[in-house]
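The values are calculated or read from the model by the stated rules, or taken from the named source; none is laboratory data. Fair warning: this is a prediction, and the values are worked out from it, not measured in the lab. Don't worry about glycine lacking a Cβ; one is built from the backbone with ideal geometry, like all the others, and counts go over all protein chains shown.
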Amino acid sequence: MILSGDEIHTRLGTDVIIDPFDEQHLNPNSYNLTLHDEILTYEEVVLDMRQPNRTRRIVIPEEGLVLSPNQLYLGRTVERTETHNLVPMIEGRSSVGRLGLFVHVTAGFGDVGFQGFWTLEMFAVQPVRIYPGVRICQIFYHQIDGKITEYVSDKYQNSQDIQPSLLYKELNPSAELRPDPQKKLDFRLAPR
């Protein structure tokens, strides 16, 4: 069973924490989450599951940033969420999907007890301009039956930033990221 918008509102502060919360983002059975002003791209040509892959940080200017097809972009939500006694899930908004932008490639399923910002795996079918603060996806909550064991992970729990894949920690725990400071790139549009 999926929680209604009213039930999400009722459970705020107990089973559901959304920070910041904006009443205008509440839907009949979900809550719209917004896009932060930074994204990451991988710098490797071939991504390796057993190794940490270098990333590049890009600031999304107020004027927007065009995402190119055949490129994975990692973003995150502005909102930090925390969920207890429910299963959180995110989906792209239909208005965003109709522009050919996938908001999560495969990872829309959350775990009971997850706390942190949601990392978004964004992929564009054709060039599309994105903007910071846009309502990019929606979170909704499933009730769960049975004994609950809350999510515990040293990989993604309590995430404070965009999280690239940490699968290498399972496959190759001794792997370390090669020294290469993450540069913050600011793509401002030139005046027309």
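Is it true that some residue in segment 116-126 is out of contact with any Pro (no Cβ under 7 Å at 6 or more places or on another chain) and not in a strand (DSSP E or B)? Within segment 116-126, not a single residue is out of contact with any Pro (no Cβ under 7 Å at 6 or more places or on another chain) and not in a strand (DSSP E or B).
Filter segment 73-106 for residues that are among the acidic types (Asp, Glu) and surrounded by fewer than 19 Cβ atoms within 10 Å (Cβ to Cβ) and give the result.
GLU82, GLU91
Taken over segment 38-56, the residue count meeting the criterion of being more than 17 Å from PRO69 (Cα to Cα) and touching a Phe, Trp or Tyr at 6+ places or on another chain (Cβ under 9 Å) is 9. Please tell me if GLY13 is among the small types (Gly, Ala, Ser), closer than 30 Å to GLY113 by Cβ and surrounded by fewer than 15 Cβ atoms within 10 Å (Cβ to Cβ). Judged against the criteria, GLY13 is a match.
Restricting attention to segment 20-34, and to residues there that are assigned to a strand (DSSP E or B) and not hydrophobic (A, V, I, L, M, F, W, C), which single residue is surrounded by the most Cβ atoms within 10 Å (Cβ to Cβ)? Show your work before the answer.
Of segment 20-34, the ones assigned to a strand (DSSP E or B) are 26, 31-34.
Narrowing the set further to residues that are not hydrophobic (A, V, I, L, M, F, W, C) leaves 31-32, 34.
Details: TYR31: 26, ASN32: 17, THR34: 18.
This residue is TYR31.
Got a sec? Which of ILE17, ILE8 is β-branched (Val, Ile, Thr) and assigned to a strand (DSSP E or B)?
On the way: ILE8 fails: assigned to a strand (DSSP E or B).
Step by step, each of ILE17, ILE8 is checked, and only ILE17 is β-branched (Val, Ile, Thr) and assigned to a strand (DSSP E or B).
Look through segment 116-150, keep the residues that are touching a residue at least 60 places away in the same chain (Cβ under 8 Å) and of a type in the set (S, T, N, Q), and return whichever of them is nearest to THR14 (Cα to Cα).
Here is the first cut: in segment 116-150, the ones touching a residue at least 60 places away in the same chain (Cβ under 8 Å) are 117-118, 120, 122, 127-143, 148, 150.
From what's left, of a type in the set (S, T, N, Q): 138, 143.
Details: GLN138: 19, GLN143: 14 Å.
Taking the candidates together, the pick is GLN143.
The conditions are (1) more than 30 Å from GLY64 (Cβ to Cβ); (2) without any contact (Cβ under 8 Å) to a residue 12 or more places away in the chain, and ARG98 fails exactly one of them. Which is it? Unmet for ARG98, out of (1) more than 30 Å from GLY64 (Cβ to Cβ); (2) without any contact (Cβ under 8 Å) to a residue 12 or more places away in the chain: (1). Restricting attention to segment 35-84, the residues that are assigned to a loop (DSSP other than H, G, I, E, B), among the polar types (S, T, N, Q) and under 22 Å from VAL128 (Cβ atoms) total 3. Consider segment 156-184 and keep the residues that are under 25 Å from HIS104 (Cβ atoms) and exposed (fewer than 12 other Cβ atoms within 10 Å of the Cβ). The one that is modelled with the highest pLDDT is LEU171. Scanning segment 153-175 for residues that are hydroxyl-bearing (Ser, Thr, Tyr) and more than 21 Å from HIS36 (Cα to Cα) yields SER153, TYR168, SER174. The criterion of being under 12 Å from the mean Cα position of the chain (by Cα), more than 23 Å from PRO61 (Cβ to Cβ) and not hydrophobic (A, V, I, L, M, F, W, C) does not hold for GLY75.
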